[in-house]
Amino acid sequence: MHTGGEPLRIIRSGYPDLIGSTVLEKVEYAKAHLDHYRKFLMNEPRGHKDMYGAFLMRKTSEDKESTQKLENEFEVVFLNNEGYSSMCGHAIIALGRYVIDHGFAKPTSPETEIIFHAPCGRVRAFTEYSNGTTGSVRFESVPAFVYKLDATINVPNIGEVVIDIAFGGAFYVIVSDKDLSIDLKTTPLSEIIRIGAAITDIVKKNIPIVHPESKELSFLYGTIITDGNDRYSDGPTTNVCIFADKQVDRSPTGSGVTARIALQFHKGLMNLNEEKEFRSILGSSFKGKAARKTKRGSFCAVVVEVSGMAHHTGDHTFYLEESDPFNEGFQLSR
């Protein structure tokens, strides 16, 4: 499938069982024992540098004596060109349609609630459903919060830049194109990627990232460069997310939109339930709002609602011949 142009390769069979009692434990198991499957499916020649994937599992009862599968509840592990993501909004939107369209979830009208247990926590999704047809999907994020405001870093060939860091299921640096002396509309994408990746590397080396409740979530995932239209009254805003290993999101980035809204709400630029449109470099659109206030550890947080539309692209079967020298695929450097 794709959501706003961003691909999602959903693994439905042929992948060994993931061992662990939580999704985070299953991610760690995949890293240690099954990472060759990720490389096989994400890398060229079967995938590409910006491919994205999801391994979908039915959620079973928490009762250790029971193996009962829960209706409309799933676990999901996200895959990218570098490793494993803690949250992915575009994937949740796609999976919200996928599980109904393939008969894995029982639909109700006018919308179907589906629970996805992601590495970052429990995500509630709601899929439009009418006359046997699925439509757009909205999801409620895990608590999103601002981690650091107005941190100063030195970016090569640019100089001192003031950035913010926010969590929307993953940690992101958020910075305006104007503060980088570039323009999202005219600057070549290769230069945007270079700057975004450099910022991520600098922040990783200089600013410790500590999630208030989970060491497994304590890492910086990427950098979001915006057009600076942060106020609700500014109308639609465009951003580009550079994450993992210089991977570029074709969609507005669901977890990135979540982080941006948490930041804008914190700064008083958006109020509760003020819906704003977020656009990608392709012009594809998500809508989002801060739905309610909450807490995450000592941080004031918000639950963010993001909505978008995903589309089916096809079904694929991949093979590995014993003589194939590219059994784990490859990536060309950028």
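The values are calculated or read from the model by the stated rules, or taken from the named source; none is laboratory data. Keep in mind it's a predicted model, so treat the numbers as computed, not measured. Ideal geometry is used to build each Cβ from the backbone, glycine not excepted, and the neighbour counts take in all protein chains shown. We work out accessible area using only protein heavy atoms, side chains counted, and drop any ligands, DNA or RNA first. Shrake-Rupley method; radii C 1.70, N 1.55, O 1.52, S 1.80 Å.
Here Thr152 meets each of (1) in contact (Cβ under 8 Å) with a residue 12 or more places away in the chain; (2) more than 24 Å from Ser285 (Cβ to Cβ) with one exception, condition (1). The residue that is most open to solvent (accessible area, probe 1.4 Å), counting only those in segment 220-252 that are part of a loop (DSSP other than H, G, I, E, B) and without any contact (Cβ under 8 Å) to a residue 60 or more places away in the chain, is Arg231. One residue stands out in segment 108-163 among those that are surrounded by 13 or more Cβ atoms within 10 Å (Cβ to Cβ) and of a type in the set (S, T, N, Q): the one that is nearest to Ile192 (Cα to Cα), namely Ser141.
Can you find even one residue in segment 269-281 that is among the hydroxyl-bearing types (Ser, Thr, Tyr) and within 20 Å of Ser85 (Cα to Cα)?
Yes: segment 269-281 contains one or more residues that are among the hydroxyl-bearing types (Ser, Thr, Tyr) and within 20 Å of Ser85 (Cα to Cα).
Annotation note: of Glu6, Glu25, the sole residue that is in contact (Cβ under 8 Å) with a residue 24 or more places away in the chain and among the acidic types (Asp, Glu) is Glu6. Residue selection: Ile182 fails the criterion of being part of a strand (DSSP E or B) and open to solvent by less than 40 Å² (accessible area, probe 1.4 Å). What do you reckon, is His90 open to solvent by 10 Å² or more (accessible area, probe 1.4 Å) and touching a residue at least 40 places away in the same chain (Cβ under 8 Å)? Criteria not met by His90. Considering the conditions (1) in contact with a Leu (Cβ under 6 Å, 6 or more places away or on another chain); (2) open to solvent by 20 Å² or more (accessible area, probe 1.4 Å); (3) not in a loop (DSSP other than H, G, I, E, B), Ile202 is excluded by exactly one of them, (1). With respect to the conditions (1) surrounded by 20 or more Cβ atoms within 10 Å (Cβ to Cβ); (2) not in a helix (DSSP H, G or I), Gly196 falls short on a single one, namely (2). Taken over segment 267-308, residues that are surrounded by fewer than 22 Cβ atoms within 10 Å (Cβ to Cβ), in contact with a Phe, Trp or Tyr (Cβ under 6 Å, 6 or more places away or on another chain) and not in a loop (DSSP other than H, G, I, E, B) amount to 2. Taken as a whole, the structure leaves Ala166 outside the set of residues that are of a type in the set (A, V, I, L, M), out of contact with any Pro (no Cβ under 7 Å at 6 or more places or on another chain), open to solvent by less than 70 Å² (accessible area, probe 1.4 Å) and more than 25 Å from Leu24 (Cβ to Cβ).
For segment 37-55, the criterion of being at pLDDT below 95 and among the polar types (S, T, N, Q) is satisfied by no residue at all. The set of residues in segment 39-58 that are acidic (Asp, Glu) and open to solvent by 30 Å² or more (accessible area, probe 1.4 Å) contains only Glu44. Just one of the numbered conditions (1) at pLDDT 95 or above; (2) more than 16 Å from Gly169 (Cβ to Cβ) is not true of Ala244: (2). Consider Ala262 carefully, then state whether it is of a type in the set (Gly, Ala, Ser), open to solvent by less than 60 Å² (accessible area, probe 1.4 Å), out of contact with any Asp or Glu (no Cβ under 6 Å at 6 or more places or on another chain) and more than 30 Å from Tyr15 (Cα to Cα). Considered against the rule, which asks whether it is of a type in the set (Gly, Ala, Ser), open to solvent by less than 60 Å² (accessible area, probe 1.4 Å), out of contact with any Asp or Glu (no Cβ under 6 Å at 6 or more places or on another chain) and more than 30 Å from Tyr15 (Cα to Cα), Ala262 comes out as yes.
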